[in-house]
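Here the structure is laid out as structure tokens; the discussion comes afterwards.
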Amino acid sequence: MDHMELIKALMVFGDDVEIHNDLGETPGLIAARTSKGPNRKILLDMLCSVGVQRCHPPSPGSPPPVTFKAKSQTIGKTTCSSHLPHGSAGQGGAVSTVKMDSLLCLDGGGIKGLVLIQMLIALEKEAGRSTRELFDWVAGTSTGGILALAIVHGKSMEYLRCLYFRMKEQVFKGSRPYESAPLEDFLKKEFGENTKMTDVQYPRVMVTSVLADRHPGELHIFRNYNPPSVRREPPYATTATFQPITIPQEQLVWRAARSSGAAPTYFRPMGRFLDGGLLANNPTLDAMSEIHQYNKAVKAEGHREEIKKLGIVVSLGTGKPPQVVVSSVDVFRPSNPLELAKSFVGAKELGKMLVDCCTDSDGCAVDRARAWCEMIDTIYHRLSPQLSQEVMLDEVSDAVLVDMLWETQMYLYEKRDILRSLANLLLDK
């Protein structure tokens, strides 16, 4: 019926695009035969962009063809003769057979955490293992922090995808800042009201937040292990006395998740904690620093044999918005009504730019992480789809979110060989 949005939704939620009906026809063949009018080319191009093959009609009397599902067919369920270069982003060469630790880093982005889920579903299908089994360390910020905790506690990606679609209806109600109770009730239901961070100890998890009971604020990491006991210089001289930080053995999981996602203007602070995205919306470098400090502490305690090299870093983003032209960021003292309007526009654009720069998880953050990984001979992969429009952190429109996931699915098909290479690396580590 040429219902584009419904076709996208069905495929985004995992329908098999190469399945045959009783007559041996595939969706691609039916679309080529029956689609009419201006939508025909759009529909066929859309199906091909995620790997649907246009099939010839089956021979009369022949049995329906068997759908071949090789390991490489998990994104879009199709075989393909073209291959992208294997290996890590910006790196090549043989991979060491020495046992290595792997790190998964999940960016912040509100409801755009659905992009993270969609990419992890693809990786799990490629590897044939759950995310929890593939990584030794999982780090996350804000929505990525909630997902990191969900991964560690064994929740399936398909379940979480549906959960996010339900959650937005409960949490993003009314106007900003939203009531905290629905989000807190949701987190308590999913993680348990009394579950402690150390109740699940593997893989190790790091969830970022910001201590806002001091100025300047400080990055804080919620862990399911004891923090590295390495002597470090205090970041700032102080005469103030602060309340001690809750230890992992007493830290409630739902409170850690709520603290990491306390985005200013969206939700109220969680006690003294604000959203980790203010300082580490892309937590990769902070997670790598934490692992280095942890290994340093283990070595200082005389347990050198317990240390494993950080061999693979996988960083997943929540999608890159398109760049747009900014008219002015000039803020000045106006002398007439026209200048007042110009100054107001400049102040508004400058404010938005400052927030975007603070929370930018692509660009410089990715360049630095890639450079550091190259310097320490660690394989680095960054995956984050380019989106055609900016999606708000509190977007509730199903159509907008399905389009976002559709673009993610097209991106995953383009990167299918990189995903396959990454899955093999994680299985061999």
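The values are calculated or read from the model by the stated rules, or taken from the named source; none is laboratory data. Keep in mind that what you see is a predicted model, and the values were worked out from it rather than measured. Cβ coordinates were reconstructed from backbone atoms using ideal geometry, including for glycine residues, and neighbour counts include every protein chain displayed. We work out accessible area using only protein heavy atoms, side chains counted, and drop any ligands, DNA or RNA first. Shrake-Rupley method; radii C 1.70, N 1.55, O 1.52, S 1.80 Å.
Of note:
- Here the label points at residue 238 and residue 194, each 7 Å from Cα along the C-beta direction, are separated by 3.2 nm in the simple model.
- Flagged links, alpha-carbon separation over 31 Å, of 36/173; 99/168; 8/155; 112/299; 8/188: 36/173; 99/168; 112/299; 8/188
- Anisotropy class of segment 170-242 from Cα gyration tensor, a/c 1.5 cut: oblate
- Note that segment 370-377 has calculated 3J(HN,Hα) couplings of 4, 5, 5, 5, 5, 5, 9, 6 Hz, one per residue in order, obtained from phi through the Karplus relation 6.51 cos²θ - 1.76 cosθ + 1.60 (θ = phi - 60°); glycine and proline are x.
- Of all aspartates and glutamates in the structure, the ones whose alpha carbon falls short of 13 Å from that of residue 41, not counting any fewer than 8 places away in one chain, are 2.
- Derived scalar couplings between HN and Hα for segment 123-129 equal 5, 5, 5, 5, 8, x, 9 Hz in order, rounded to whole Hz, by the Karplus curve 6.51 cos²θ - 1.76 cosθ + 1.60 (θ = phi - 60°), x for Gly and Pro.
- Values of log10 I(q)/I(0) for segment 239-303 across q = 0.12, 0.19, 0.22, 0.24 Å⁻¹ run -0.46, -0.97, -1.09, -1.11, by the Debye formula with one identical scatterer at each alpha carbon and no solvent.
- A cut-off of 5 Å between modelled amide H atoms, ignoring neighbours fewer than 5 places along the same chain, links residue 380 with 89, 313.
- Entry for segment 1-56 at q = 0.19 Å⁻¹: log10 I(q)/I(0) = -0.62, Debye formula applied to identical alpha-carbon scatterers, no solvent contribution.
- Gain upon complete extension [residue 42, residue 99; 0.36 nm per residue less C-alpha separation]: 15.8 nm
- Kirkwood-Stokes translational diffusion coefficient of segment 183-325, alpha-carbon pairs, 10 °C, 1.306 mPa s, µm²/s: 93
- What a 1.4 Å probe finds exposed on segment 204-335 is 52% carbon and sulfur by accessible area, rounded to a whole percent.
- Shape of segment 114-251, Cα gyration tensor, a/c cut at 1.5: oblate
- Straightening the chain between residue 215 and residue 173 buys 11.9 nm, computed as 0.36 nm per residue apart minus the Cα-Cα spacing.
- Backbone amide hydrogens, once placed in the peptide plane, bring residue 138 within less than 5 Å of 104, 204, 205, 206, excluding anything fewer than 5 places away on its chain.
- Working note: Karplus 6.51/-1.76/1.60 with θ = phi - 60° gives segment 269-274 the couplings x, 9, x, 9, 10, 10 Hz, where Gly and Pro are set to x.
- Secondary structure note: in segment 97-240, about 40% of the DSSP beta bridges are antiparallel.
- For segment 233-329, the relative contact order works out to 13 percent when only alpha carbon pairs closer than 8 Å and six or more residues apart are counted.
- Efficiency of FRET between residue 249 and residue 16 - r from beta-carbon atoms, R0 51 angstrom, step 0.05: 0.65
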